[in-house]
Amino acid sequence: MEGAKKILYSAVQPTNNLTIGNYIGTLRGWRELQENYDALFAVANMHAITVRQDPAELRARTLSLAALFLACGVDPDKSIVYVQSHVKEHAELCWVLNTFAYVGEMERMTQFKDKSAKHTENINMGLMDYPVLMAADILLYQTDLVPVGLDQRQHLEIARDIAQRFNNIYSPTFKVPEGLFLKVGAKINDLTDPSKKMSKSAENPNGSVFLSDDRDTVIRKFKRAVTDSGSEIKYDPSEKPGVSNLLEIYCAFTGKNISEAEAEFSGLGYGEFKLAVGEIVADKLAPIQGEWKRLLDDRAYLDGVLAAGRDKAAGLARRTLSKVYRKIGFYDIKG
Ligand code: TRP
């Protein structure tokens, strides 16, 4: 990182299987973003434990997700790829930032309320602190830009508020990050219930297409996708949510725009349309899955990438944290 480009930060939690919705909304864009920014891409395993995880699965998914980043085109020579828990500054800055975050505002966060309702048996402090840890992630690297979907906007706002609060009390210390809002295909819906977002943890697994699904599974899920009344293949999210969702997926995977896609499918029946979308998705996933598997078979290479990423990230993080410790008055031993 030479400092000429703006800094971009993004992270994904190693929980559950990622879906094509995660790919379209997040991972797909990284290959290109890394050309224009100094990018850091993290596996957010510290966030993941705010919900109880199976240790063996968490460990395996952490490596698998890092491999997926690379399979999607992230180049570790251009970007920093690392695991959050490998850089202890995240936890350290989080602690300091906790004293600049108010209990009331954390209680009001939409995701905290949703997750507390879902995990009533384990409403732990970490769950409530999730946004502060995320602020620490972002602010540690003097991040300029954070690509955000709708569900993360509130978290970015909190990160900005915390940065401004700290800067106002002391002196400018943190860059106040901006959101990079994604346009098309930012929200992909469930294939069996297009009124809901496609989720990693949906009750009906046929509604979500996972990045790990094999070709037959992908095509089967698309064949079973719910369509709408009528027979026209037309983009109209309120009247035809099922067809519109499939058109969005098709466009995201082909780079075509909606009117091109509508023209291409005009006159076809829903069955042929669904099959065509399923085939294109399976075709586009195949090389990613091939590379993903190849990387996972090369543990030594992946560990090398993660060790280099950890070292680079830690160097940058230490710089910010030292400034913070100095400003808040933490005594430092000389020499
Ligand atoms: N909370 C994010 C999500 O679930 C993951 C995340 C953790 C993140 N730290 C971040 C995203 C920092 C952007 C920036 O999607």
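The values are calculated or read from the model by the stated rules, or taken from the named source; none is laboratory data. Computed from a prediction, not measured in an experiment: that's the story for all the values here. Quick reminder, even Gly has a Cβ in these numbers, built from the backbone with ideal geometry, and neighbours come from all protein chains shown.
Quick check on region 121-145: of everything there that is closer than 22 Å to R31 by Cα and of a type in the set (S, T, N, Q), which residue is nearest to the ligand (Cβ to nearest atom)? In this case the residue turns out to be T143.
Within the group K200, K115, which residue is at pLDDT below 95, crowded, with 16+ Cβ neighbours inside 10 Å, among the charged types (D, E, K, R) and not in a strand (DSSP E or B)? Criteria check complete, one pass: K115.
Each row is one residue, and each column tells you yes or no for (1) closer than 22 Å to P147 by Cα; (2) within 13 Å of the ligand (Cβ to nearest atom).
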{"residue": "R31", "(1), (2)": "yes, no"}
{"residue": "A39", "(1), (2)": "yes, yes"}
{"residue": "Q84", "(1), (2)": "yes, yes"}
{"residue": "L93", "(1), (2)": "yes, yes"}
{"residue": "N98", "(1), (2)": "no, no"}
{"residue": "H119", "(1), (2)": "no, no"}
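Candidates are the residues of region 146-187 that are among the small types (G, A, S) and at pLDDT 95 or above; the one that is nearest to the ligand (Cβ to nearest atom) is A159.
Only one entry of E35, E105, E121 meets the criterion of being at pLDDT below 95 and at negative phi, and that entry is E121. Considering the conditions (1) touching a helix residue (DSSP H, G or I) at 6+ places or on another chain (Cβ under 8 Å); (2) under 27 Å from Q13 (Cβ atoms); (3) surrounded by fewer than 17 Cβ atoms within 10 Å (Cβ to Cβ); (4) free of Cβ contacts under 8 Å to residues at least 60 places away in the same chain, K223 is excluded by exactly one of them, (2). Scanning region 289-306 for residues that are in contact (Cβ under 8 Å) with a residue 12 or more places away in the chain and within 21 Å of I80 (Cβ to Cβ) yields E291, W292, L295, L296, R299, L302, V305, L306. Touching a residue at least 24 places away in the same chain (Cβ under 8 Å), assigned to a helix (DSSP H, G or I), surrounded by 13 or more Cβ atoms within 10 Å (Cβ to Cβ) and within 25 Å of the chain's Cα centre (by Cα) - does that describe any residue in region 260-278? The answer is yes, given that some residue of region 260-278 is touching a residue at least 24 places away in the same chain (Cβ under 8 Å), assigned to a helix (DSSP H, G or I), surrounded by 13 or more Cβ atoms within 10 Å (Cβ to Cβ) and within 25 Å of the chain's Cα centre (by Cα). Here M46 fulfils each of the conditions (1) within 19 Å of N124 (Cβ to Cβ); (2) within 12 Å of the ligand (Cβ to nearest atom); (3) not in a helix (DSSP H, G or I) apart from (3).
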